[in-house]
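Visitor: Supplied in structure tokens, the structure appears directly below.
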Amino acid sequence: MQPKPTALKILDVVSIIVLAISTYLALFFAPTELVMGQVQRVFYFHIGTAWVGLLGFVLAAVSGVIYLVTKDMKWDRFEVAAVEVSTMFFFLTIVLGSIWARPAWNTWWTWDPRLTTAAVTELIYIAYFMLRQGIDDPEKRARFGAVYTLLGGISAPITFMVIRLFRSIHPVVVGAANANQDKLSMTGDMKIAFFFALFAFTIIFIDLIWHRVRLSGLEEKVEQLKLKVSM
Amino acid sequence: MIIVKKLVKRFGLKVILRGLDFSVQQGEFVALLGPNGAGKTTFLRILASLSRPSLGQVQVAGHQLPDEAAQVRAKLGVVSHMPLLYPDLTAEENMKFYASMYGIADPGPRITEVLDMVGLENRRKDLVRTFSRGMQQRLAIGRAVIHNPEVMLFDEPYTGLDQDASEMLDEVLRSVAAEGRTVVMTSHDLARAEDLATRFDILSRGVIAACATQKELQNSNLLTFYKQALVN
Amino acid sequence: MVTNKQPVTRNASPSLLKATFAIVRKDLAAELRSFELISAMLVFSLLVIIIFNFALELDVKVRQSVTAGVLWTTFAFAGTLGLNRSMSTEKDRGCMDGLLLAPVDRSAIYFGKAISNLAFMLIVEAIVLPVYSILYNVNLFRLDLIGVILLGSIGYTAVGTLLSAMSVQTRTREVLLPILLFPVAIPVLLASVKASGSLLAGAEFSEILTPLNILIVYDIVFISVAFMLFDHVVEE
């Protein structure tokens, strides 16, 4: 049994600390938003989870491509980790978004581009896991998984673009593309909470990915030992 | 014709072939024998360019695999226990399709010749769906030789055949081999292998455990040799 | 040396185009004999349309707004049926190995299967459109609409052929294809519904340029991606 690397232990502690700080910033430090009130505070975590969810999605597609070129199983492990962690974060994003949407838009759910794309992305992830589950040969599983993350990675942005061409009520936070959308204006303290949340979730994301990749490595070790024992 | 050096094939963590060495001269008919799960089919699929070696060198008909797979495929005929035929096409249409896949310019005479050889000329216009298992298997051999390959691989060609069909298949296989082709056949039917092959290789635990030519075997019988090899 | 009659391989590998069309011709010949695949797709399509009729109470007013959606849902479902069947016939009797053993480029296999799948889908659509027109008294025989349907079907089969080659190799097989295909094919379905819907609502051709562009972009992107990835899906 390999001991947990020291760097990972440190990162675990840092993750917890930044999560605590980010929670404080979001719930107490940032001023209450004038129009929406307290519920707006959920937005800091919403953006944080959405950002890492997206990051994981892109990383999965990229490691899929690298796997197909190098055929190195290490990239498959990374891809699975990225997809799993990002599935969880996307789910959190959707839940947090719903909590916000209820008072803000008076509905739990709307078929807005971002929400729909998030839902479709979750479905792509679920399909990805079902695909992998149906294959016994690890090499083939890795190959098919890589192909599918790549297809998903290309299709999801197009889905977003397509729905956006119809209609959107989602506020554009950074770089408003459309002038008549209700843009959130952030004060200085809000910006601190906002950017710290992004930073905090990035750290947590890296920590979780690291754990997941390490877990896959250990799983493989166990398989190897089992095989040795059986022979 | 076939040179294999230190071939390793892994499926995930499972190692099927572990450093296998194997070579076949032109015109030899090698029977590859071994218990189930020894890796015969995996090995044949690698020779057929259908599966990539994990490690090691594989050369078939003068070309390296997997890099020169296209050149190898053009000189290779494969018969497996599945017929690889389309049931909703006639015998002739199946042959025509595969002829065009091998780039044969004027397939008509060649198809007639091949159907004659496998004894199906009179069923030329019938749907493969209506064929018996034995007839399908003979047609599968016809399909495999349509492009006149130099090397032939047979993977358990007798699977699911009754006595008569097996005997007819024997004849077809003999005539295929008699044209100077190099043949590798896997089988667990020792009697059939003994009849046809000029050399016997025993594949066990991912390597060739023993190997004997027909001449070397003349005094002892194949079964004792086979059992001996597996014990060692 | 057993005999001096030595076999010589004298055939050159067929060109990509020839191999592709050999596969298409083979698929169409087999299908035109049995009609297994097309008849299944067709009967299924008609059933879906009938179910929609009751589920949505397709009266004159509703019909106008949902016709495009009903049509594309039908095509998508019938499409997966055909894609599954077409790839299973290759897989079940080992014919896929037969194709892979031929000295042809793997893209010939992809394009061959994709073109036959497209042909099956278009044949079914060509029968469903007039039937729908008669049943609901709308004219669907318009060149612009047919163009949209063609573009949509191309994108759908381009990615569907690749995914069906994957799904037949899994344990869950047929069940898996729609689950893999639908989330990835959403852009093409959305754009097709949007374009067809606008056309049926009497929009000018210039008004559907946006969804049309999306369809063209999707088709080009996914044909090239699928054709590049096909190797990884069929080779072991």
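Visitor: Which residues, counting only those in region B:115-152, are assigned to a strand (DSSP E or B) and facing chain C (nearest Cβ under 9 Å)? Show your work before the answer.
Guide: Keep residues of region B:115-152 that are assigned to a strand (DSSP E or B), which gives B:127, B:151-152.
B:LEU127 - this is the single residue of region B:115-152 that is assigned to a strand (DSSP E or B) and facing chain C (nearest Cβ under 9 Å).
Visitor: Please find, within region B:53-73, the residue that is farthest from C:GLU235 (Cα to Cα) out of those that are under 15 Å from the mean Cα position of the chain (by Cα) and buried (at least 22 other Cβ atoms within 10 Å of the Cβ).
Guide: Of region B:53-73, the ones under 15 Å from the mean Cα position of the chain (by Cα) are B:60-61, B:72-73.
In the following step, the residues that additionally are buried (at least 22 other Cβ atoms within 10 Å of the Cβ) were identified as B:60, B:72-73.
Numbers: B:VAL60: 18, B:VAL72: 15, B:ARG73: 14 Å.
Only one residue tops the list, namely B:VAL60.
Visitor: Related question: Applying the selection to region A:86-111, what residues are surrounded by 16 or more Cβ atoms within 10 Å (Cβ to Cβ), within 14 Å of chain C (Cβ to nearest Cβ) and either out of contact with any Phe, Trp or Tyr (no Cβ under 9 Å at 6 or more places or on another chain) or not polar (S, T, N, Q) (or both)?
Guide: A:PHE90, the sole residue that qualifies.
Visitor: Can you report the number of residues in region A:116-135 which are of a type in the set (D, E, K, R) and either surrounded by 21 or more Cβ atoms within 10 Å (Cβ to Cβ) or at pLDDT below 90 (or both)?
Guide: The initial filter retains those residues of region A:116-135 that are of a type in the set (D, E, K, R), namely A:122, A:132.
Now restrict to residues that are either surrounded by 21 or more Cβ atoms within 10 Å (Cβ to Cβ) or at pLDDT below 90 (or both): none.
Number satisfying all stated conditions: 0.
Visitor: Does any residue of region B:31-40 turn out to be within 11 Å of another protein chain (Cβ to nearest Cβ) and within 20 Å of B:ALA197 (Cβ to Cβ)? First the steps, then the outcome.
Guide: As a first pass, look at region B:31-40 and keep what is within 11 Å of another protein chain (Cβ to nearest Cβ): none.
The answer is no, given that none of the residues of region B:31-40 is within 11 Å of another protein chain (Cβ to nearest Cβ) and within 20 Å of B:ALA197 (Cβ to Cβ).
Visitor: Could you please let me know if C:LEU99 is of a type outside the set (Phe, Trp, Tyr), within 19 Å of the chain's Cα centre (by Cα) and within 22 Å of C:ALA119 (Cα to Cα)? It would help to see each step written out before you state the result.
Guide: Values: of a type outside the set (Phe, Trp, Tyr): yes; within 19 Å of the chain's Cα centre (by Cα): no; within 22 Å of C:ALA119 (Cα to Cα): yes.
When the stated conditions are applied, C:LEU99 does not pass them.
Visitor: Tell me, which residue of region B:157-169 that is within 14 Å of chain C (Cβ to nearest Cβ) and surrounded by fewer than 18 Cβ atoms within 10 Å (Cβ to Cβ) is farthest from the chain's Cα centre (by Cα)? Full working, then the answer.
Guide: Going through region B:157-169, the residues within 14 Å of chain C (Cβ to nearest Cβ) turn out to be B:157, B:159-160.
Keeping just the survivors that are surrounded by fewer than 18 Cβ atoms within 10 Å (Cβ to Cβ) gives B:159-160.
On the way: B:THR159: 13, B:GLY160: 16 Å.
Filtering first and then ranking leaves B:GLY160.
Visitor: Scanning for something in contact with a His (Cβ under 9 Å, 6 or more places away or on another chain), within 19 Å of A:ARG212 (Cα to Cα) and at pLDDT 85 or above, does region A:87-97 turn up at least one residue?
Guide: Within region A:87-97, one or more residues are in contact with a His (Cβ under 9 Å, 6 or more places away or on another chain), within 19 Å of A:ARG212 (Cα to Cα) and at pLDDT 85 or above.
Visitor: Does region C:163-171 contain any residue that is touching a Pro at 6+ places or on another chain (Cβ under 8 Å), at pLDDT below 95 and at the interface with another protein chain (Cβ under 9 Å from one of its Cβ atoms)?
Guide: There is no residue in region C:163-171 that is touching a Pro at 6+ places or on another chain (Cβ under 8 Å), at pLDDT below 95 and at the interface with another protein chain (Cβ under 9 Å from one of its Cβ atoms).
Visitor: Right, another one. Among the residues of region B:41-52, which ones are surrounded by fewer than 24 Cβ atoms within 10 Å (Cβ to Cβ) and of a type outside the set (Gly, Ala, Ser)?
Guide: Residues of region B:41-52 that are surrounded by fewer than 24 Cβ atoms within 10 Å (Cβ to Cβ), as a first pass: B:41-42, B:44-45, B:50-52.
Matches in region B:41-52: B:THR41, B:THR42, B:LEU44, B:ARG45, B:LEU50, B:ARG52.
Visitor: So which of B:PHE97, B:PHE43 ends up being part of a helix (DSSP H, G or I), more than 11 Å from chain C (Cβ to nearest Cβ) and not hydroxyl-bearing (Ser, Thr, Tyr)?
Guide: B:PHE43
Results for (1) in contact with a Ser or Thr (Cβ under 6 Å, 6 or more places away or on another chain); (2) over 22 Å from A:ALA142 (Cβ atoms), shown as yes or no for each residue.
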site: C:SER192; (1), (2): no, yes
site: C:LEU200; (1), (2): yes, yes
site: C:PHE205; (1), (2): no, yes
site: C:THR210; (1), (2): no, yes
site: C:LEU215; (1), (2): no, yes
site: C:PHE227; (1), (2): yes, no
site: C:VAL233; (1), (2): no, no
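Visitor: Do you know which of the residues in region A:64-73 that are free of Cβ contacts under 8 Å to residues at least 60 places away in the same chain and part of a helix (DSSP H, G or I) is nearest to A:TYR125 (Cα to Cα)?
Guide: For region A:64-73, the residue satisfying everything is A:ILE66.
For (1) over 22 Å from C:LYS113 (Cβ atoms); (2) of a type outside the set (A, V, I, L, M, F, W, C), each residue gets a yes or a no:
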position: C:ILE146; (1), (2): yes, no
position: C:LEU151; (1), (2): no, no
position: C:GLU174; (1), (2): no, yes
position: C:ILE186; (1), (2): yes, no
position: C:SER196; (1), (2): yes, yes
position: C:ILE208; (1), (2): yes, no
position: C:ILE220; (1), (2): no, no
position: C:SER224; (1), (2): no, yes
position: C:LEU229; (1), (2): no, no
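Visitor: Here are some conditions: (1) touching a residue at least 60 places away in the same chain (Cβ under 8 Å); (2) out of contact with any Gly (no Cβ under 7 Å at 6 or more places or on another chain). A:SER98 meets all but one. Which one does it not meet?
Guide: Result: A:SER98 passes all but (1).
Visitor: If you go through region A:132-163 one residue at a time, how many are at the interface with another protein chain (Cβ under 8 Å from one of its Cβ atoms) and under 17 Å from C:GLU236 (Cβ atoms)?
Guide: Here the count works out to 11.
Visitor: Another question, if that's okay. I'm told C:PHE75 meets every condition in (1) surrounded by fewer than 22 Cβ atoms within 10 Å (Cβ to Cβ); (2) within 20 Å of C:LEU135 (Cβ to Cβ); (3) modelled with pLDDT of 90 or more except one. Can you identify the failing condition by its number?
Guide: Status for C:PHE75: all satisfied but (1).
Visitor: Hey, can you tell me all the residues within region C:172-198 that are more than 7 Å from chain A (Cβ to nearest Cβ), under 18 Å from C:VAL233 (Cβ atoms) and within 15 Å of the chain's Cα centre (by Cα)?
Guide: Once the filter is applied, which keeps residues that are more than 7 Å from chain A (Cβ to nearest Cβ), under 18 Å from C:VAL233 (Cβ atoms) and within 15 Å of the chain's Cα centre (by Cα), region C:172-198 yields C:LEU177, C:PRO178, C:LEU181, C:ALA185.
Visitor: Considering (1) aliphatic (A, V, I, L, M); (2) modelled with pLDDT under 90; (3) closer than 23 Å to B:ALA48 by Cα; (4) assigned to a helix (DSSP H, G or I), say which one B:ILE104 fails and leave the rest.
Guide: Status for B:ILE104: all satisfied but (4).
The values are calculated or read from the model by the stated rules, or taken from the named source; none is laboratory data. Computed from a predicted model, the values in this text were never measured in an experiment. Cβ atoms come from the backbone with ideal geometry, glycine included; neighbour counts cover every protein chain shown.
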